[in-house]
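A.B. asks: Take a look at the following structure, please.
No lab work stands behind these numbers, since they all come straight from the coordinates. Note that the coordinates shown come from a computational prediction; the quantities given were computed from them, not determined experimentally. Counting neighbours? That spans all protein chains shown, and the Cβs are built from the backbone with ideal geometry, glycine included.
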4 protein chains.
Amino acid sequence: MNSSRPISRSGRFLTGPAPEMTKFSESVSFDYRLWKHDILGSIAHAKMLRKIGLLTQNELDEIVSGLTKIAQRIQSGDFQWDINLEDVHMNIESALVNLTPAGAKLHTGRSRNDQVALDTRMWLREQLVEIDQLLANLQQALLDLGKRHIHVLIPGYTHLQRAQPVYLAHHLIAYVEMFHRDRERMACCFNRTNICPLGSGALAGSTLPLDRKYVATQLGFVDQRGRPRIASNSMDAVSDRDFAMEFCAAAAILGIHLSRLSEDLILWSSNEFGFITN
Amino acid sequence: MNSSRPISRSGRFLTGPAPEMTKFSESVSFDYRLWKHDILGSIAHAKMLRKIGLLTQNELDEIVSGLTKIAQRIQSGDFQWDINLEDVHMNIESALVNLTPAGAKLHTGRSRNDQVALDTRMWLREQLVEIDQLLANLQQALLDLGKRHIHVLIPGYTHLQRAQPVYLAHHLIAYVEMFHRDRERMACCFNRTNICPLGSGALAGSTLPLDRKYVATQLGFVDQRGRPRIASNSMDAVSDRDFAMEFCAAAAILGIHLSRLSEDLILWSSNEFGFITN
Amino acid sequence: MNSSRPISRSGRFLTGPAPEMTKFSESVSFDYRLWKHDILGSIAHAKMLRKIGLLTQNELDEIVSGLTKIAQRIQSGDFQWDINLEDVHMNIESALVNLTPAGAKLHTGRSRNDQVALDTRMWLREQLVEIDQLLANLQQALLDLGKRHIHVLIPGYTHLQRAQPVYLAHHLIAYVEMFHRDRERMACCFNRTNICPLGSGALAGSTLPLDRKYVATQLGFVDQRGRPRIASNSMDAVSDRDFAMEFCAAAAILGIHLSRLSEDLILWSSNEFGFITN
Amino acid sequence: MNSSRPISRSGRFLTGPAPEMTKFSESVSFDYRLWKHDILGSIAHAKMLRKIGLLTQNELDEIVSGLTKIAQRIQSGDFQWDINLEDVHMNIESALVNLTPAGAKLHTGRSRNDQVALDTRMWLREQLVEIDQLLANLQQALLDLGKRHIHVLIPGYTHLQRAQPVYLAHHLIAYVEMFHRDRERMACCFNRTNICPLGSGALAGSTLPLDRKYVATQLGFVDQRGRPRIASNSMDAVSDRDFAMEFCAAAAILGIHLSRLSEDLILWSSNEFGFITN
């Protein structure tokens, strides 16, 4: 089979992709969410390149200042995302190069493959912290509710038939326990997400003397004693997203617990049950 | 709506369930797999009942001896499972009562609700230990294979196009890393599975002075320092199976890693790739 | 349990929902996609209300003219969606009432429950027609490709081992067959989607003399002979979305076929296979 | 990489697979369920081979008589399934060859690939017919129940809050409608399952003058006018199981409807609702 589009002697297409292809392969319409982490990751990477002598101080200053400007423009809704630049990384890099020629050096020792792995991990880390806080609040609210009605007895059900009386607080604390395990699961997931993939390149690492531990520390990829956590194998680091799958599973289990609690509240609010009135 | 089947004045059916209902609600055709854990759990529960004075030594001896006989009959394929007795618990309990009248006391301070939660946790615990060992073997096999071909270079691919050369060992170690995280996930799951639910009763606990920590310790529900781990809330303990969902998710992620490795081997064995020959 | 928020004597909250609740329960941020179908449905409903005498001609004219203006504003990006108005229906209805007092009568004989069921069915119907056309194009492209290389033989594989030679065209036509069944499945789904739920009200129908067949015909809910297709049971019509689940399943199966074709192309484009070159 | 197991000069292993491999790759422990369809399919295939002159009448008689004996042994629980023979097809074929040397000719013009596709389609066809009948019974039972209580009004709920009164019969008929669509879906699935794959061979068809339409007719793969329905493309026929996926989806949707009905009955049977009493 031969392609019917014009190609060069070296075998590459002489024209750009069809509009349908651009639309199909772009991801910026949803991965723009990673902008903050992309910029933070780039600043840390640039500092590291300066540290090992691959950027001058002036270049570093221009890169940091440029990225800061871009961040402000994005935050204020002033940034034009362009699907022809495919993804969040290319959009930001292109804007940076427009601001300063030093921007072109930011790609040194980095590939989009380890960059997107980094951004995804940083984004998920942030979500995990927020979910943990929300669950802690929910647990406290359940405990407070139980305490306010400490002597209230309600029926305990099996197969929705009244079986044995239980304290309302006992029923509510069952959920506190469930959310405790959900928080444990999120913490387990955090532990496997909080590993810095930078330095993996496209898949085979880099021949440059990158200081991977320095970048990891800058970006908070550290263990409880503050020691940097970096990916051990570059092919694994750029190709596996099991931390994201693990999060989806933990979130689904959490969703079941929330749904069960909601169903209790809906039942109790019904005219027939009438446990919740106003 | 009124049922058309004969009922007593107290509102209960005077006849047993229809054969279709028996077939629909039975579980022994698949939960028979829990027999070993059911028997071990019952022996530990009986010892505890003896310890707190609810069984005589003679009764305990007869129960343990009866359960041991039943275990031998099951192992040798000599036990008749009966779907009319619904599940593994009723089948074994019924056989025990046939062997000794003391068997009827085994239900003291226990419900099928906490019993099935116990058995499921014990069964899963065993599977998790076995999976961990199998994964350790697989990691070692990959390391050995990498060592035997320590100088072999193969193409590293992006989008199945040759990108950069990598060592075969580097490629294989990517899987060692993946299976390491899979083992971590199984260990996390073990940690949440290894909690003893006994004492929760049907849902509201028990008024008997059960020694829950004693039973937990007997059955190996202990933390790394040997301290017993028992469920904190009875309603949670009998109604949630999130440890099982967590296992399913971890197993699915493991399955993806195994599938990816298999695809590599299939590709490499093809005539076109030809990396694996004989 | 008593709520701690201020309530009236009739038991209703005296204040609006918390901002978190507004954000949680709004759907306009994604159901705005239904705007075109919502407006078309409203116009047909208004015409029917005119037909049975519940709207004057003047009121109908003002409603149609108002909805047309709103459609233009939405299309030109000039419409302000407001999450405080919860969903696409309330946003459009509210804008209409601002344009003409007649807008308030549009709700006669209709509930948001049958309205959203209608919009969803109309939206999905449109998607199904587009998918069918795209698949027909893809089938034609595969047939054309096969014809252009009518004498080309390639290996047929079992377990990715060369088994028997086959014509490239034979291989490609296997996909034409698969996409034929996918189109059949989409047509089956269309058949169950193309039923008009209007007239079901919130759940119990309406006591007004609605002309359900007239509305259905206006909106193209007709069988192959042009006879109107209307939902038979109001509770079913407002509460079941099985047509959407059926679509998701058919789309997932289609996705597997597309993925399989893609993998073939990726394999054939590899250096090792080399069936596709340039 | 070289295998460490003994191999012949032609590159094949000189010893059989490891016991772990036998256990991993066998399927007879679950595909034994296909035995009846496998035997019916083989009888039809043998008759066709006789029709086109590839079997003598005597050979056909011995094959049919042998397969009939095997069927009787399986039905009476007298057949020894052997996982070393991998699957249901090899188990039955091996038993047949032991009964008559003519059995060895049964494989003519057939591969395990089209054979297993045939058996799976025949098995699913049978299940679909049974499910349809069970759903028809269920619909009738709901209609009968509605009729017996034709004047009974119950609350209609939105968000489990009483909204409008409805007839019990109206509520029940909502399910009759749902099950009607489920039956339609099963019928659509039947339509795509009821296609005979025999003649596809391993993947590339057969050079023998097989009478595919004769076999299809013998096995009931016919349309409503009795015309045979045979697969159009051999690669598609042996490699795609989309009819099975379609069934899984339809069964899942049916499951949701059954679950919803069950939840109604559970709610109505609760002490709080008390709609169902005895």
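A.B. asks: Distances from A:Ala136 to the same residue in each other copy, label points 7 Å out along Cα→Cβ, in nm, shortest first?
C.D. replies: Output for A:Ala136: 3.6, 6.0, 6.3 nm, nearest copy listed first.
A.B. asks: Let me ask something additional. Using the number of other C-beta atoms within 10 angstrom as an exposure proxy, rank C:Arg260, B:Arg121 with the fewest first.
C.D. replies: Working: C:Arg260 14, B:Arg121 26.
So the residues, fewest neighbours to most, are C:Arg260, B:Arg121.
A.B. asks: Here's another thing I want to ask about it. Please report the net charge: other residues with Cβ closer than 9 Å to the Cβ of A:Met48, K and R +1, D and E -1.
C.D. replies: Working: positive: A:Lys47, A:Arg50, A:Lys51, A:Arg212; negative: A:Asp211.
Combined, the nearby Lys, Arg, Asp and Glu give +3.
A.B. asks: Now for a separate question. Using 0.36 nm per residue, how much length does the chain from D:Phe30 to D:Gln133 gain when fully extended, once their Cα-Cα distance is taken away?
C.D. replies: Values: separation 103, 0.36 × 103 = 37.08 nm, distance 2.53 nm.
Gain on extension, D:Phe30 to D:Gln133, equals 34.5 nm.
A.B. asks: Got the A:Asn271 label distances to the other copies yet, label 7 Å along Cα→Cβ, in nm, shortest first?
C.D. replies: 2.2, 7.5, 7.5
A.B. asks: May I pose another question? If we count other beta carbons within 10 Å of each Cβ, what is the order of A:Ser200, C:Ser111, fewest first?
C.D. replies: Ordered from fewest to most neighbouring Cβ atoms within 10 Å, A:Ser200, C:Ser111 come out as C:Ser111, A:Ser200.
A.B. asks: Run the quick spin-label model on C:Leu145 and A:His151: label points 7 Å from Cα toward the beta carbon, then report their separation in nm to one decimal.
C.D. replies: 7.7
A.B. asks: If you restrict to DSSP beta bridges whose two residues both lie in the range C:151-278, what percentage is antiparallel, to the nearest 5? If you can, show how the numbers build up before the last one.
C.D. replies: Numbers: 7 of 8 bridges.
DSSP beta bridges in the range C:151-278 are roughly 90 percent antiparallel.
A.B. asks: Test of understanding: ordering B:Cys188, A:Cys196 by Cβ neighbours within 10 Å, fewest first, what list do you get? Let's see the in-between values first.
C.D. replies: On the way: B:Cys188 20, A:Cys196 28.
By the 10 Å Cβ count, ascending: B:Cys188, A:Cys196.
A.B. asks: Within the set of other residues whose C-beta is less than 12 Å from the C-beta of A:Thr100, count the net charge using Lys and Arg as +1 and Asp and Glu as -1. Don't jump to the answer; show the numbers that get you there.
C.D. replies: Values: positive: A:Lys69, A:Lys105; negative: A:Glu59, A:Asp61, A:Glu62, A:Glu93.
Here the count lands on -2.
A.B. asks: Now for a separate question. Between A:Ser94 and D:Lys23, what is the label-point separation in nm under the 7 Å Cα-to-beta-carbon projection?
C.D. replies: Here the answer is 5.7 nm between the modelled labels.
A.B. asks: For chain D, set up a Gaussian network in which alpha carbons nearer than 10 Å are linked by springs, and say which option among D:Glu177, D:Glu246, D:Glu263 fluctuates the most.
C.D. replies: Highest fluctuation of the listed residues: D:Glu263.
A.B. asks: Can you give the calculated 222 nm mean residue ellipticity of the protein assembly as shown, where each DSSP H run of n ≥ 4 adds -39,500 (n - 2.57) and the sum is split over every residue, rounded to the nearest 500 deg cm²/dmol?
C.D. replies: Values: 40 runs with 652 residues, N = 1112.
Calculated from helices alone, the mean residue ellipticity at 222 nm is -19500 deg cm²/dmol.
A.B. asks: Given label points at 7 Å from Cα along Cα→Cβ, what nm distances, shortest first, separate A:Asn58 from the same residue in every other copy?
C.D. replies: Copy-to-copy label distances at A:Asn58, shortest first: 7.8, 10.1, 10.2 nm.
A.B. asks: What residue of chain B has the nearest C-beta to the axis that moves B onto A, and what is that distance in Å, given as a whole number?
C.D. replies: Looking at chain B's Cβ atoms against the axis toward A, the nearest is B:Ala249, 2.
A.B. asks: Over the Cα atoms of chain B, what Rg and Dmax result, in angstrom?
C.D. replies: 25.5, 84
A.B. asks: Taking H placed 1.01 Å from N in the peptide plane, check which residues at least 5 places from B:Asn271 or on another chain put their amide H under 5 Å from its amide H.
C.D. replies: C:Arg162
A.B. asks: List the pair-distance distribution P(r) of the range A:113-268, using every Cα-Cα distance, as the percent of pairs falling in each 5 Å bin from 0 up to the bin containing the longest distance, rounded to whole percents.
C.D. replies: Per 5 Å bin, starting at zero, the Cα-Cα P(r) for the range A:113-268 comes out as 2, 8, 14, 16, 13, 10, 8, 7, 6, 5, 4, 3, 1, 0 percent.
A.B. asks: Follow-up. In chain C, which whole DSSP H runs stretch at least 15 Å along their own axis (Cα) and average 0.0 or higher on the Kyte-Doolittle scale? Each step should come with its number before you reach the end.
C.D. replies: Details: long enough: C:35-51 (24 Å, -0.36); C:57-75 (27 Å, -0.41); C:88-99 (17 Å, 0.81); C:112-148 (54 Å, -0.41); C:168-193 (38 Å, -0.29); C:242-269 (40 Å, 0.93).
Helices passing the filter in chain C: C:88-99, C:242-269.
A.B. asks: Under the √(5λ) rule applied to the eigenvalues of the Cα gyration tensor, what semi-axes describe the equivalent ellipsoid of the protein assembly as shown? Give them in Å, descending. Write out the running numbers ahead of the final one.
C.D. replies: Working: eigenvalues 412, 397, 332 Å².
For the protein assembly as shown, the ellipsoid semi-axes come out as 45, 45, 41 Å.
A.B. asks: Could you check what % of the DSSP bridge pairs in chain C are antiparallel, to the nearest 5? Could the numbers behind the result be given before it?
C.D. replies: Values: 8 of 9 bridges.
Around 90 percent of the beta bridges assigned by DSSP in chain C are antiparallel ones.
A.B. asks: Taking all pairs of different Cα atoms in the range C:220-278, averaging 1/r and flipping that mean, what Kirkwood radius in angstroms comes out?
C.D. replies: Details: mean 1/r = 0.0643 Å⁻¹.
Mean inverse Cα-Cα distance, inverted, gives 15.6 Å.
A.B. asks: Next question. Please find, in a Gaussian network model of chain D (springs between Cα atoms separated by less than 10 Å), the residue of D:Ser239, D:Ser94, D:Ser76 whose mean-square fluctuation is greatest.
C.D. replies: D:Ser76
A.B. asks: Okay, next question. For the range D:19-108, how big is the tail of P(r) above 16 Å, as a whole percent of Cα pairs?
C.D. replies: Numbers: 2073 of 4005 pairs.
Cα-Cα pairs in the range D:19-108 separated by more than 16 Å: 52 percent.
A.B. asks: Rounding to the nearest 20 debye, state how big the charge dipole of the range B:7-98 is about its Cα centre with +1 on each Lys and Arg Cβ and -1 on each Asp and Glu Cβ. Can you show the working numbers first?
C.D. replies: Details: 10 positive and 12 negative charges, 50 e Å.
For the range B:7-98, the charge dipole is close to 240 debye.
A.B. asks: If I model a spin label at B:Leu258 and B:Asn271 as a point 7 Å from the Cα along the Cα→Cβ vector, what separation in nanometres do I get?
C.D. replies: Those two pseudo-labels are separated by 3.1 nm.
A.B. asks: Out of A:Leu14, A:Leu124, A:Ile70, whose Cα points farthest toward the positive end of the dipole of the range A:1-130 (charges: +1 Lys, Arg; -1 Asp, Glu; placed on Cβ)?
C.D. replies: Checked the options; the winner is A:Leu14.
A.B. asks: Another question, if that's okay. In whole angstrom, and with the biggest value first, how far do the Cα coordinates of the range D:179-254 range along each principal axis?
C.D. replies: 45, 28, 14
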